[in-house]
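J.: Handing you this structure, nothing more for now.
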Ligand SMILES: [Zn+2]
């Protein structure tokens, strides 16, 4: 029989950390246990499928509801001078619906900020908190805001807004208007960063890679034949990068951080 040590008896960081992780409900190596709903925050109408299309398909097949929270209207995503912002935004939303349907995602919530101009401010944070309180997901996905060399401000800001909202949604005094409107504080047990260079969890998507590419291609305004010629190899290479890290052909990589370690934690980057 293994005797449980009192916490003060651990004399190495590693042993203490393992015991601490044991106390948490969320397990990085079994992240979807007891998860019924996931909120996937995306800056633009194709980020969830590009980053996590395979994972999303598998979650839906396992009976887990996936809801998209689309932050901007995607109205900058073209090099065609004849398309107006308004026209492009409408087209992209339709493409997003088709793509989501292919993966089994039934709900897309839109906040409609202007593409490239997502504000990183308290009002936007509040809007995301309200969505978390309405949807009550156990887990929230977002882009990793610390991805080196990421040039797009919407991606960095979506990541920061996402973890801030996930950290504050459980605090009743944060945006009390929600409570007056009948919503309850809601805590998420973990966040998962996609588009990450520091994954600590992998999903083997080899068997659904074809479907993932098909769902990405539904974003026709983004992936014309010319663009696809370069992007299909790019997407496959990205999936092979994560695949190489976990010994599979194609994979998606996620960096999970349990809620407790999202604040003042010097080892969150090592989990
Ligand atoms: Zn994007």
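J.: At 7 Å along Cα-to-Cβ for each site, give me the label-to-label distance between residue 13 and residue 245 in nm.
T.: Going from the residue 13 label point to the residue 245 one covers 2.1 nm.
J.: Once a ≥ b ≥ c are taken as the square roots of the eigenvalues of the Cα gyration tensor of segment 34-260, is the result rounded (a/c under 1.5), prolate (a/b larger than b/c) or oblate (a/b not larger than b/c)?
T.: On the way: a/c = 1.70, a/b = 1.23, b/c = 1.38.
Since a/c reaches 1.5 but b/c is at least a/b, the shape of segment 34-260 is classed as oblate.
J.: Got a sec? Which residues in segment 30-64 would a label at residue 220 touch, if it sits 7 Å along Cα→Cβ and we count backbone N under 17 Å?
T.: The answer is 46.
J.: Take every DSSP beta bridge with both residues inside segment 34-260 and express the antiparallel ones as a percent of the total, to the nearest 5. Don't skip to the end; give the middle numbers.
T.: On the way: 8 of 27 bridges.
Here the antiparallel bridges make up roughly 30 percent for segment 34-260.
J.: Taking the Cα atoms only, what angle lies between the long axis of helix 47-61 and the longest principal axis of the chain, rounded to 10 degrees?
T.: So the inclination is approximately 60 degrees.
J.: Given R₀ = 35 Å, what would the calculated FRET efficiency be for residue 25 paired with residue 211, taking r from the Cβ atoms and rounding to 0.05? List each step's numbers first, then the result.
T.: Numbers: r = 32 Å, r/R0 = 0.90.
Between residue 25 and residue 211 the formula returns 0.65.
J.: So how far apart, in nm, are the two label points at residue 197 and residue 111 if each is 7 Å from Cα heading toward Cβ?
T.: Here the modelled spin labels are 2.6 nm apart.
J.: Cα centroid distance between segment 153-197 and segment 72-107, in Å?
T.: Their Cα centres are 25 Å away from one another.
Rule-based calculations on the coordinates, nothing more; no lab input. Just so you know, these numbers come straight off a predicted model, no measurement behind them. Backbone-built Cβ (ideal geometry, glycine too); neighbour counts: all protein chains shown.
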